[in-house]
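The values are calculated or read from the model by the stated rules, or taken from the named source; none is laboratory data. What you are looking at is a predicted structure, and each value in this text was computed from that prediction instead of being measured. Backbone-built Cβ (ideal geometry, glycine too); neighbour counts: all protein chains shown.
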């Protein structure tokens, strides 16, 4: 399912994919947030068209991240890990990182952990 969604987005945007993030709560069937970070630049569509007699090149900006929420039923986080690993393998990933963090408003955390959480 995750691989299918990623492939659809790659096909639609026709941009190289730089990174993928999947985030959810550790509660069965919680909604998932899939972030797709694109590599490359696109013409800034907010820029006014330059006068026809100038040779100015259009301004290029980084392609923004795509955020998708989906509600696929799942019972164990290991299921999601397996789907992400499968997607990464099939898409040719060479650097995988799995991180797990507590929420930023957790009572009793150290000052440094709270600061790092809010900066992330």
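Things to note:
- Strands (runs of 3 or more DSSP E) (entirely within the stretch 1-92) containing at least 2 residues that are within 28 Å of residue 104 (Cβ to Cβ) and at pLDDT 90 or above: 17-23, 32-38, 66-70
- Whichever residue in the stretch 77-102 is touching a residue at least 12 places away in the same chain (Cβ under 8 Å) and exposed (fewer than 12 other Cβ atoms within 10 Å of the Cβ) and, among such residues, is nearest to residue 43 (Cα to Cα): 90
- Extreme residue, nearest to residue 10 (Cα to Cα), among residues of the stretch 103-118 that are out of contact with any helix residue (DSSP H, G or I) (no Cβ under 9 Å at 6 or more places or on another chain) and exposed (fewer than 11 other Cβ atoms within 10 Å of the Cβ): 118
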